[in-house]
Structure formats: structure tokens, C-alpha cells
1. With N set to the residue count of region 189-303, report its C-alpha Rg divided by 2.2 N^0.38 Å to two decimal places.
2. Please give the contour-minus-distance gain from residue 181 to residue 120: 0.36 nm per residue of separation, less the Cα-Cα distance, rounded to one decimal in nm.
3. Normalised by the number of residues in region 39-113, what is the relative contact order in percent for Cα pairs under 8 Å and 6+ residues apart?
4. Would you mind pulling out the separation of the Cα centroids of region 63-125 and region 289-339, in Å?
5. Can you run the Rg to Rh ratio on region 11-141? Use alpha carbon positions and the Kirkwood inverse-distance Rh.
6. Consider all pairwise Cα distances in the chain and report the whole-number % of them above 29 Å.
7. For the chain, give the magnitude of the charge dipole about the Cα centre (Cβ charges: +1 Lys/Arg, -1 Asp/Glu; no others), in debye to the nearest 20.
8. For residue 281 and residue 4 in the same chain, what is the full-extension length gain: residue separation times 0.36 nm, less their Cα-Cα distance, in nm?
Amino acid sequence: MATEKLYYEDPYIRNFHAQLVENGVDENGRHYVVLDKTAFYATGGGQPNDTGMINNVPVYDVEEVDGEIRHFIQTPIEEKECSGEIDWERRFDHMQQHAGQHILSAAFEEMYGYKTVSFHLGEETCSIDLEVQALGVEEASRVEERANAILLENRPIEVKWVTTEEASRLPLRKALSVTDNIRLVIIPEFDYNGCGGTHPSTTGQVSTINILHWEKQKKNYLRIYFVCGNRARKQLHEKHRVIQQLTGLLNAPQDKLADAAIRILDEQKDLKKEMSALKFTLLEEEANRLAEQAEEKKHYRFVEKIFTDKPMGELQQLAKNVTEKTSRGVVLFMSHKDDRLQFVCARSKDIDIRINEVVKALLPVINGKGGGSPMIAQGGGDPLLSPEAFAEKLVEAIENVLAETV
């Protein structure tokens with residue numbers, strides 16, 4: 001049985017009484033009830049569902065399936081007599097946003113011929129996708145001005161159920177998606193559009209329409225983000241609060257915040273360059289010290305050290321620096337931190353060892369992963385061995401390889 005949709009009779013209905021028709025569970029295990037009539041709007045046409053209460057049980061989702069409206073609830077309702085109450089703040093917000101979308105889309109098409117191909121009503125902002133590749137700031141400003149002028153005129157927003165023939169005689173903004181039960185939302189002499197959503201009775205109740213920003217999408221569409229009504233007021237308060245914080249933090253008035261931020265970012269870039277240069281110098285000096293401490297082995301010179309404060313990138317650079325300063329050198333740097341053993345192993349150009357193959361053979365002893373080149377390799381794994389024990393195994397493996405080549 002199709003559910004009677006009270007929100008089509010009057011979108012301002014907040015409370016209603018109805019009879020329970022069905023208690024059900026959908027394919028996802030969610031409980032729902034079907035009533036003979038409802039004021040709860042079901043998700044559709046870009047507009048989210050209403051929420052609220054039925055017999056003091058929260059309704060968290062509403063869907064239409066084959067003409068019946070399913071109200072999804074956490075616990076079943078057994079009473080035949082049901083009292084429903086929608087979340088009016090949420091409903092009126094959706095009414096403002098949806099009507100605002102109609103007006104904004106109509107203004108884009110009226111002024112520049114830019115057609116709307118989709119609409120999304122989100123929790124914080126709304127968006128429309130325009131069939132256009134670019135939008136100028138001046139264009140957006142003019143469209144916003146035109147849309148708000150329609151609000152100030154407080155034009156009626158009318159709803160009509162029409163036949164296909166009747167609809168064909170009207171200047172519809174887009175083609176209809178249905179041929180039966182055609183519902184038109186009309187702003188006289190401005191916008192005629194097929195729509196199943198809820199809207200206020202006059203444009204003035206939308207209060208304001210503000211375009212926020214836009215970005216390119218696939219298929220050469222442009223996504224326009226906007227807010228209407230109470231959302232615009234909330235956005236204004238939030239942005240003003242943030243601006244006030246920034247004026248204090250950056251010690252600059254509102255109109256100079258961008259300049260102050262750019263100056264700080266430039267200073268940060270300069271500092272990063274200085275830090276990189278200093279790190280390079282420190283790594284060079286550290287490489288010199290480590291090269292001098294190389295331990296003489298039978299066929300090569302070995303440099304080993306355990307670190308706890310160096311990221312892998314620095315260990316790799318340090319290993320390269322040391323091997324450049326050490327003849328017949330092999331370097332092993334390890335980092336033992338956060339219950340993980342990581343290492344970098346490298347060799348100088350004048351010693352014939354494929355470091356990546358040596359490392360690959362050792363990785364199983366620490367359940368590790370890694371890789372690299374014949375000159376330098378890195379890896380990491382579980383600390384199943386101490387760094388010292390791991391180093392001993394590496395030395396043993398290297399000496400075995402060198403013994404075969406000597």
C-alpha cells in the first residue's frame with residue numbers, strides 16, 4: 001500500500017497521527033515501520049531524509065520503496081496508533097537549501113545559459129554541478145546578486161500536479177524524469193521545474209543565498225558550493241570567529257591577513273632551506289667522524305652504528321656519505337624504535353658485493369621486508385634480534401660473500 005505523503009499536502013506539518021501498517025526488517029537487518037500516512041520526507045532528488053520521533057522512538061533514516069515510506073528505527077514499534085514528530089530545524093533547513101538551489105540554478109541558466117546537471121544537499125554545504133568548464137568571479141557575483149534579488153521580491157513558490165500535456169506548455173528548466181504524477185515547483189516568471197522535494201511557500205523564507213567557491217569536476221563540469229538561510233548565518237559567525245583569532249595570532253587587521261600569512265609562509269620556506277643546509281653540513285661532519293672510526297675487517301672496513309632519533313631518509317643519506325669517504329667500506333646503520341628494527345646497508349664502489357642480495361637473505365630472521373640496489377639497501381622488521389646480533393649476522397654474510405670472491 002502506498003503511503004500518503006503529508007509533506008506534499010503541507011510541508012510545514014511538524015506533528016501527525018497515523019496507523020501502523022507494517023513492522024519490517026530490510027536486507028541489512030535494519031528495523032523499519034510503515035505507516036498509512038507520514039510527514040517524514042524520504043531521501044530523494046538530492047534532498048536528505050527527515051529525522052524525528054515516532055511514539056518517542058528515534059527515526060534515523062527514511063526511504064521510499066515501491067511507494068511505501070519506510071521509517072528506520074532502532075527498536076520495533078508495536079502500537080497501532082502512532083504519533084510522529086519531525087525534526088523541524090532539519091526539515092526547514094532542507095527546505096531553504098532546496099529552494100535556494102532552484103533559484104541559483106535558474107539564475108545561472110537565465111543569465112549565462114549554464115545548465116545544472118546535479119544537486120547535492122550536504123550536512124554543511126550544498127553544491128550544484130554546472131555544465132560548464134570555467135566560471136569567472138564577476139559571473140558568480142552577478143548570479144548571486146540576481147538570486148538574492150528573487151528572495152527580496154518574496155515571490156510565491158507554488159506546487160502543481162500536472163499532466164504531461166500541461167507540463168509541455170510550460171517553460172521547464174529541464175526535461176522531466178517521469179510521465180505520471182508530475183509535480184512541478186514553480187516560481188512564477190522565473191523557474192519551472194519538476195521536483196519531489198520540500199520547499200517554503202515564498203522565496204523570502206530562503207533568507208539568503210551565498211556562493212562559497214567552485215572547483216572543476218570530471219566530464220568538464222564545474223561544482224559550485226553554496227549555502228542558504230540559517231546556514232549562511234552560521235557560516236558568517238564561524239568565519240568571523242576564525243578571522244578574529246587569526247587577526248590576533250598574526251597581529252594583522254582582516255584586510256591584511258593574506259599578506260601576513262604569505263610573509264610567514266615565505267619565512268618558513270627560508271627556514272626550511274636553512275635547516276636543510278645545516279642538516280647537510282651536520283651529516284657531512286658525522287660521516288667524516290664515522291669514516292674515521294671504520295673497523296678493519298679481513299677483506300673490508302666496517303662502519304656500524306645504532307640510532308634512535310634519525311628518520312630513514314637521513315640514515316640513507318648518511319650511509320651514502322660514509323661509503324663515499326671509505327675505501328672498501330661497508331656501512332650498517334640501524335634504528336631500533338617503536339618495537340621495530342629498521343636498517344640501511346651500503347657499500348663503497350670499490351668492493352664487489354651485491355648489498356641488496358645480502359639484505360634479502362637476512363630479512364627472514366626479523367620477519368622483514370626491504371630492497372634496494374647492489375650499492376645500498378634498506379629494510380625493516382620485528383625486533384626478533386638485537387641490533388648487535390643482527391649486525392653480527394650481516395658481518396658473517398658479507399665475509400662469506402667476500403671469501404668466495406677473493
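1. Details: Rg = 29.3 Å, N = 115, 2.2 N^0.38 = 13.4 Å.
So the Cα radius of gyration is 2.19 times the expected 2.2 N^0.38 Å.
2. Details: separation 61, 0.36 × 61 = 21.96 nm, distance 2.34 nm.
Full-extension gain reported as 19.6 nm.
3. Values: 88 pairs, mean separation 20.2, N = 75.
Averaging sequence separation for qualifying contacts and normalising by length gives 27 percent for region 39-113.
4. Using only Cα atoms to place each centre, the spacing works out to 64 Å.
5. 1.11
6. Looking at the chain, the distances longer than 29 Å represent 65 percent of pairs.
7. Computed about the Cα centre, the dipole is about 1400 debye.
8. In short, 92.0 nm is gained.
Read the figures in this text as sums done on the coordinates, not as results from a lab. These numbers were taken from a predicted model, which means no experiment stands behind them. Cβ coordinates were reconstructed from backbone atoms using ideal geometry, including for glycine residues, and neighbour counts include every protein chain displayed.
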